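Engineer: I have a structure I would like to understand better, so I am pasting it below and will then ask my questions one at a time.
Since every read-out is calculated from the coordinates, none of them should be taken as a lab result. Just so you know, these numbers come straight off a predicted model, no measurement behind them. When we count neighbours, we look across all protein chains shown, and the Cβ atoms used for this are built from the backbone with ideal geometry, even at glycine.
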Amino acid sequence: MDYYFLDAVPWEDSQALYHAAAHLGREALFILRPATPYVCTGFHQDAQQEIDLDFTRLHAIPVIRREVGGGAVYLDGQQLFFQLIIRRDHPGVPAHIADFYKKFLQPVIDTFRVFGVPAEYKPVNDIMANGRKISGTGAAQIEDSLILVGNFIQDFNYEMMSRCLRVPDEKFRDKVHKTMFENLTTMLRETGQIPDNAALAATLARFYTPLVGELVQKPLDEALTQKASEMLAEINTPEWLMANDHRRTDTRQVKIAEGVYVIQKMLKTPGGLIRVTAVNQLGILKDVHISGDFFFFPATHLVSLEKALDGLPIEAQSIAQAVAAFYQRYAIESPGVMPTDFAQVLTL
């Protein structure tokens, strides 16, 4: 497998390179960090809902949307990122995403422990230290490859992260900051020091070798950098960033006419937040849109699920049955999110 320890790279490359490798069908392990800060939203998120875009524009903080699910994150050079691209048919790759997380996060946990962090795995995709999260991880399927991304949080700018998020008021922002500090930790907080990036990368590569085969360190080549440029031309655009931002915001229910309402409802599940916006037309679902910080595999089928819900009565049993049938038909996996959750959020 190709191995790229790049250390500091332009912030755009920290997203574009692994996307490019996946679309080229290359198996690879990237270890890198962005030279300058930026904000990255999950594949299913609405940027307008999650990010204070006025603040990020004012402070020249780029915002990009990735092809991996999960929540919005603030990324900077104090976090060293690992990005594993591996084919689904690679020997030893589990068939189910939950098993994939458990197996392929173990080298990350082992690396944390070498550097004095008492890391532990918490299903579905959390790495914890002394009861606090110490690595943000996520997975996606791009064509025939599985992607696993995550970070070694060496230090963290809690203040900037809380400022970049869209919140209703400053009191709420203070609560976000406090809660984040209490529940997200760093290598510096846990051990009193930040390890050398090259040593951290070499240790992780050593632990991954038994799972993926020999890792051969390589420089970036023209085909990879060219594809990365092509990917940036697609994903680093307002159109891509705002692709999920096409429904009303800040409303739970707005009456359009007698018996016709625009509704927006949210449900926090073990797998993340589900937000659904739709039209209730005389008790029938129309124009359904689903977003949130959950994971959904294959990700492109979420749009098909929206269409499958269109025309259903807003009744829990009918919705749950339709979603369960959709999951079975397309072999959907959404760790921590059940078909019944979609019925629950739509009938709250």
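Engineer: Please compute the Cα-Cα pair-distance distribution of the stretch 253-346 with 10 Å bins starting at 0, giving whole percents from short to long.
Structural biologist: 17, 54, 25, 4
Engineer: Convex hull volume of the Cα atoms in the stretch 2-240, per residue, in Å³? Before the final figure, lay out each step's value.
Structural biologist: On the way: hull volume 28.2 nm³, N = 239.
About 118 Å³ per residue, rounded to a whole number.
Engineer: Ok, one more. Treat the stretch 72-160 as a sphere of radius equal to its Kirkwood radius over Cα pairs and apply Stokes-Einstein at 37 °C in a medium of 0.692 mPa s; give the translational diffusion coefficient in µm²/s, rounded to a whole number.
Structural biologist: On the way: Rh = 13.8 Å.
The diffusion coefficient I find is 238 µm²/s.
Engineer: Then there is this: Just the Kirkwood number for the stretch 1-121, please: inverse of mean 1/r across all distinct Cα pairs, in Å, one decimal.
Structural biologist: Details: mean 1/r = 0.0625 Å⁻¹.
Computed over Cα pairs of the stretch 1-121, the Kirkwood hydrodynamic radius comes out at 16.0 Å.
Engineer: Assuming 0.36 nm per residue, please report the length gained on full extension of the stretch Ala8 to Glu214 beyond their Cα-Cα distance. Spell out each step's value before the answer.
Structural biologist: On the way: separation 206, 0.36 × 206 = 74.16 nm, distance 2.39 nm.
That pair, Ala8 and Glu214, stretches by 71.8 nm at full extension.
Engineer: Place a +1 charge on the Cβ of each Lys and Arg in the stretch 1-75 and a -1 charge on the Cβ of each Asp and Glu, then give the dipole magnitude about the Cα centre in debye, rounded to the nearest 20. Could the numbers behind the result be given before it?
Structural biologist: Values: 5 positive and 10 negative charges, 9 e Å.
The dipole of the stretch 1-75 has a size of about 40 debye.
Engineer: If you look for lysine pairs in the chain that are eight or more places apart or on different chains, how many of them have Cα atoms under 17 Å apart?
Structural biologist: Value for the chain: 10.
Engineer: Output the 0 to 90 degree angle, nearest 10, between the alpha-carbon long axis of helix 222-235 and the longest principal axis computed from the alpha carbons of the chain.
Structural biologist: Helix 222-235 sits roughly 30 degrees off the main axis of the chain.
Engineer: Against the longest alpha carbon principal axis of the chain, how many degrees, from 0 to 90 and to the nearest 10, is the axis of helix 197-212 turned?
Structural biologist: With rounding to tens, the tilt is 70 degrees.
Engineer: What does the charge dipole of the stretch 2-240 about its Cα centre add up to, to the nearest 20 debye, if the Cβ of each Lys and Arg holds +1 and the Cβ of each Asp and Glu holds -1?
Structural biologist: Once rounded to the nearest 20, the dipole reads 660 debye.
Engineer: In sequence order, what are the phi-derived ³J(HN,Hα) couplings for the stretch 308-314 according to the Karplus relation 6.51 cos²θ - 1.76 cosθ + 1.60 with θ = phi - 60°, rounded to whole Hz, with x for glycine and proline?
Structural biologist: 5, 7, 5, x, 7, x, 7
Engineer: Just want the answer: with Cβ charges of +1 for Lys and Arg and -1 for Asp and Glu, which residue in Phe5, Ile86, Leu58 is farthest toward the dipole's positive end in the stretch 1-89?
Structural biologist: Ile86
Engineer: Taking the beta-carbon count within 10 Å as an exposure proxy, list Arg88, Arg166 from fewest neighbours to most. Show your work: numbers first, answer last.
Structural biologist: On the way: Arg88 13, Arg166 17.
If I rank by nearby Cβ atoms, fewest first, I get Arg88, Arg166.
Engineer: Using only the alpha carbons of the stretch 124-171, determine the length spanned along each of the three principal axes and report them from longest to shortest in whole angstroms.
Structural biologist: Cα spread of the stretch 124-171 along its principal axes, largest to smallest: 44, 28, 19 Å.
Engineer: Right, next: May I ask you to evaluate 6.51 cos²θ - 1.76 cosθ + 1.60, the Karplus curve with θ = phi - 60°, for each residue of the stretch 116-121 and list the ³J(HN,Hα) values in order in whole Hz, giving x for glycine and proline?
Structural biologist: Along the stretch 116-121, the couplings run x, 9, x, 6, 9, 7 Hz.
Engineer: Can you find, among His96, Gly116, Ser162, the residue farthest towards the positive end of the dipole of the stretch 2-240? Put +1 on the C-beta of Lys and Arg, -1 on that of Asp and Glu.
Structural biologist: Selected residue: Gly116.
Engineer: With just the Cα atoms defining each centre, how far is the stretch 70-123 from the stretch 129-160? Give it in Å.
Structural biologist: 7
Engineer: Give a quick list of GluC sites (Glu not before Pro) in the stretch 101-206 that DSSP marks as loop, anything other than H, G, I, E or B, with at most 15 other Cβ atoms within 10 Å. Before the final figure, lay out the partial values.
Structural biologist: Working: sites: Glu120, Glu143, Glu159, Glu170, Glu182, Glu190; in loops: Glu143.
Here the sparse-neighbourhood loop sites are Glu143.
Engineer: Any chance you could give the angle, 0 to 90 degrees and rounded to 10, that helix 13-24 forms with the longest Cα principal axis of the chain?
Structural biologist: It is inclined by approximately 80 degrees.
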